[in-house]
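Comments concern the structure below.
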Amino acid sequence: MTPADTLRFATRAATGYPLRTALMVLAMSIGVAAVVVLTALGDGARRYVVNEFSALGSNLVIVLPGRTATGGLGLGNLITSTPRDLTVRDAEALLRAPLVTRMAPLSVGNSEIAWGGRLREAMVVGTSGDYVDIRAFRMAEGSFLPREDLGRAAAVAVLGTKLREELFGSDPAVGRMVRVGDRRLRVIGVLGKTGQGLGMNTDELVFVPVATAQAMFNTNNLFRIIVEARSREAIGPAKQQLEDIMRLRREGELDVTLITQDAVLGTFDRILGALTMAVAGIAAISLAVAGILVMNVMLVAVTQRTAEIGLLKALGATGRNIRLAFLTEAALLSLAGAFTGFALGHLGAWGLRLAFPVLPAWPPDWAVFAGIGTALTTGILFGVMPARRAARLDPVQALSRR
Amino acid sequence: MAQIELSGIERVFKLGDSEVHALQELSVSIERGEYVAVMGPSGSGKSTLLNLLGLLDRPNAGTYRLEGRDVTTLSPDEQAEVRRTRIGFVFQSFHLVPRLTAAENIALPLMLAGIPPVERHTRVAQALQDFGLEPRAGHRPEELSGGQRQRVAIARATIMRPAVILADEPTGNLDRSTGQDVTHLLEELNASGVTLIVVTHDPVMGGRARRRLMMEDGRLLQDVREPAPA
Ligand SMILES: Nc1ncnc2c1ncn2[C@@H]1O[C@H](COP(=O)(O)OP(=O)(O)OP(=O)(O)O)[C@@H](O)[C@H]1O
Ligand SMILES: [Mg+2]
C-alpha cells in the first residue's frame, strides 16, 4: 500500500463519518483556538504595558541622589553618611557623555498658584527646555521653557492643561502673570493633554526653569536628572559613561543611583510574559483533553469498523497497513482540528482587537506553533493505541462481527 | 503435487474449561482447477476449514501445503502476501466497505498490493465490464441489490487473479434466481482454471460440484468425486 493510497483511504474514512469527524475537529480546534486567543490576550497586555512605558519617553536613564544599593560597611560609606547634593552642575556635566543626547534636571516642590483671585495648590517642577522633547509632550498653546543657561532663573511658567482650565477657564492664559509661591511668573505656554503618566498627573503641574524652582524652594539639590541615551542599545553603555562622570565629580565615589527604564520595563515584561505562558499552559491542557477524545473516538471507530478490518486482512492487508491507515486518520483529524483552531483563534484575536483597539492582541508565533504542534502530537500519540488494537484484531472473529 | 494438501489438521477452540474440536484428523488434497463443495450440518467445521485454507486461521496441529509450500509456518506478513496474491474470498454477507463505491471496493486488493493507479483503473474497468457492473461503478453498496453486491464481492475476489477462490455460503443471503446467477459466475471462473471451494447448505448447488466434502463434527465423513444423482 503506497503512502498516497494510505492517505486517500484515511481521508475517505474520515469524511465517511461526517458527524464524528466534525465533533472531533471541533474539540481539537477549540483547544488550539484557546491557545491562540489566550496568548494573544496575554501578549497583547504585555505589549500594551511596554508601549505605555515607552510613551514615557524612550531610552531613559534616571539619576537620583543617594546610593540605594546595598554596599558593605566600607570606608566610603562611613565617610559620606549623608550623600552630597545632586546639583545643576552635575546635570550639565552628564551631558558630556558621548552616548547622551538630551538631559533634563528635575527639582520638585509643592506650592500654590494664584490668578485673578483664584488660588490652587500645585506641584511645581523645575526643569529645562529639553524636558518636553524627552517626554514627547505636545504644546497646546505658546511654547515650553526656553533652552538657555540652567543657572538663569527666568520668571516664566508653563501650565498643565487641567491647571490652566481651573485657573483661567475660557480666558486666554499665555502672556498672563500668575503668582507661584511668592514670585510673579509670566505664563508662556500650556501643555497638551497628556493623561496619566505613572503616578503624577502632568496635566496638574506647573513647569518653571530649574533655577527658578531651586530659588523658590531654597535648595541646590535636584530631585532627579533624566538623561536620554542615543538609542535603546546605547542605554547600558550610556549608563556606564554617566557613572564614570559622576564618580569623577565625586572623587571616585559614586553616591548616586542610576535607574534605567529598561530595568523597570524588563520586570513588567517578565511578569506578563510568565502570565502568558501560564495561560498558554492552561489552554494546552484542553489540548491534552482533546487528545484523549481523539483516542476514544478512534477506539470507537475501530470497534465500528471491526468487520472492515477483518475484510482488509482477508484481502491481504498486513498489520502495518492497517496500523498506518488508522494512525493517518487520527493525524488527519488532528491536523484539520489544528488548522480550524488556528483560523478560529485568529478570528478571536481579531475580535479582541476590534473590541479593545488599544490592546495589540496578536498571538505570538511561538504560541501558534506550540498550539498546532501539541494538537498534532497528542492526536497522533493518542491515535497509536487504537491503531495498534485495529492491527492486532483476529481476522476470523473480526469478519464474523457485523 | 496437489495444489492444496492438508494432513492431520486439528483445530481446537477453548471455551473456558471445555474444548470444541472444530476440526479433527483432517487430511485432504485438492488439485488445481477443482470445483469442490464443502457440505455438512451447522457446526460441523465448514467455515473453520475455509478460514484455515484462506490463512485467516492457524491449525493447532497438522500441516497445510499450498502449491508445495508449507504455509502454516509463515510469518503474519508472509501469510498476508499469500492471501493478497493467491486467494480470493467471497462471503455470505458480502463484506463490502459501505463508504466506498463499487469500483473502489473492487480496487481494494489492488490498492493493498501497491499497484499503480493507472493500471488499477484499467483492471477495475475491465472487471466492471466482465461482471456487468459498469452502470453501478459509482454506486455505494447500500444502493445495490444483494445480487449486485455479491457480484462486486466476486469481482473484488478475482481482481488479483488468485489461484483459489474460497466462498462461504455465497448464495446464503440471496434469493433463488440471483443465487443461481452468482453460482454460474463462480462456475465460469472455475472453468477458466481457478480452483473453487464453496461451502454450501444447498444440495442443488452442492450437486453441481464435481467433488463434495461431507463434514460432520469436524471430521471428513465422505469425499464424493462424481456428481451426485439428481
Ligand atoms: N472462535 C470460536 N470460538 C469457539 N468456538 C468456535 C469458534 N469458531 C467456531 N467454533 C466452533 O467450532 C465449531 C465449528 O464451527 P464452524 O463455524 O466451522 O461451523 P460451520 O460448519 O461453518 O457451521 P454453519 O453451517 O452454521 O456455518 C462449532 O461448534 C463452533 O461453535
Ligand atoms: Mg459457517
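Over the stretch B:4-225, Cα pairs under 8 Å with separation of 6+ residues give a relative contact order of 31 percent. For the protein assembly as shown, the residue among A:Ile235, A:Gly351, A:Ser170 whose Cα projects farthest onto the positive side of the dipole built from Cβ charges is A:Ser170.
Taking a ≥ b ≥ c as the square roots of the eigenvalues of the Cα gyration tensor, the stretch B:71-230 is oblate, since a/c reaches 1.5 or more and a/b is not larger than b/c.
Residue-wise HN-Hα couplings along the stretch B:66-78, as the Karplus relation 6.51 cos²θ - 1.76 cosθ + 1.60 with θ = phi - 60° gives them from phi, are 10, 6, x, 9, 6, 8, 6, 9, 5, 6, x, 5, 5 Hz; Gly and Pro carry x.
The helix-based estimate of mean residue ellipticity at 222 nm for the protein assembly as shown, built from -39,500 (n - 2.57) per DSSP H run of four or more residues and divided by its residue count, is -15500 deg cm²/dmol to the nearest 500. Using 0.36 nm per residue and subtracting the Cα-Cα separation, the extra length available between A:Asp244 and A:Arg8 on full extension is 77.8 nm.
Ignoring aspartates and glutamates fewer than eight residues from B:Lys46 along the same chain, the ones with Cα atoms less than 12 angstrom from its Cα are B:Asp168, B:Glu169, B:Glu216, B:Asp217.
Cβ-to-Cβ counts within 10 Å put A:Thr377, A:Thr101, A:Thr328 in ascending order as A:Thr377, A:Thr101, A:Thr328, the fewest first. Under the simplified labelling scheme, the A:Thr267-B:Ser18 pair shows an inter-label distance of 8.2 nm, with each label point 7 Å from Cα along Cα→Cβ. Comparing mean-square fluctuations of B:Glu67, B:Glu78, B:Glu34 from a GNM of chain B with C-alpha springs under 10 Å, the top value falls on B:Glu78.
Would you look at the GNM of chain B, springs on alpha carbons closer than 10 Å, and say which of B:Asp17, B:Asp70, B:Asp217 moves the most? Among B:Asp17, B:Asp70, B:Asp217, the largest GNM mean-square fluctuation belongs to B:Asp17.
When chain A is treated as a Gaussian network with alpha carbon springs shorter than 10 Å, the biggest mean-square fluctuation among A:Val264, A:Val210, A:Val108 belongs to A:Val264. Secondary structure note: in the stretch B:4-225, about 55% of the DSSP beta bridges are antiparallel. Annotation: the residues B:Glu81, B:Glu226, sorted from fewest to most other C-beta atoms within 10 Å of their own C-beta, follow the order B:Glu226, B:Glu81. Within chain A, the longest run free of GluC sites (Glu not before Pro) that sit in a DSSP loop with at most 15 other Cβ atoms within 10 Å is A:252-402.
Cut-off under 24 Å on the C-alpha distance; same-chain residues fewer than 8 positions from A:Lys193 excluded. Which lysines are left, in chain and number order? Filter leaves A:Lys162.
Rounded to the nearest Hz, the phi-derived 3J(HN,Hα) couplings of the stretch A:220-233 under the Karplus curve 6.51 cos²θ - 1.76 cosθ + 1.60 (θ = phi - 60°) are 9, 6, 9, 5, 6, 10, 9, 10, 9, 7, 4, 8, 4, 5, where x marks glycine and proline. Across peptide B:107-118, the average count of Cβ atoms from other chains found within 10 Å of a residue's Cβ is 4. In loop segments of the stretch A:222-331 as defined by DSSP, there are no chymotrypsin sites (Phe, Trp or Tyr not before Pro) with at most 14 further C-beta atoms inside 10 Å of their C-beta. This ranking places A:Met139, A:Met1, A:Met28, B:Met39 by how few other beta-carbon atoms lie within 10 Å of each, fewest first, which gives A:Met139, A:Met1, B:Met39, A:Met28. The antiparallel fraction among DSSP beta bridges confined to the stretch A:151-273 stands at about 65%.
Give the shape of the stretch A:84-254 as rounded, prolate or oblate, defined through the alpha-carbon gyration tensor: a ≥ b ≥ c are the square roots of its eigenvalues, a/c under 1.5 means rounded, and otherwise the shape is prolate if a/b is larger than b/c and oblate if not. It is prolate, given that a/c is not under 1.5 and a/b is the larger ratio. Dipole magnitude for the protein assembly as shown: computed about the Cα centre from +1 point charges on Lys and Arg Cβ and -1 point charges on Asp and Glu Cβ, it is near 900 debye. Counting, for every residue in B:55-64, the Cβ atoms of other protein chains within 10 Å of its Cβ and taking the mean gives 2. For an R0 of 60 angstrom, estimate the FRET efficiency from the Cβ-Cβ distance between A:Arg138 and A:Leu381 and round to the nearest 0.05. It comes out at approximately 0.55. A prolate overall shape is assigned to chain A, the ratio a/c of its alpha-carbon gyration tensor axes (a ≥ b ≥ c) being 1.5 or greater and a/b exceeding b/c.
Values in this text are rule-based calculations from the coordinates and carry no lab data. What you are looking at is a predicted structure, and each value in this text was computed from that prediction instead of being measured. Positions of Cβ are backbone-derived with ideal geometry, glycine not excepted, and every protein chain shown enters the neighbour counts.
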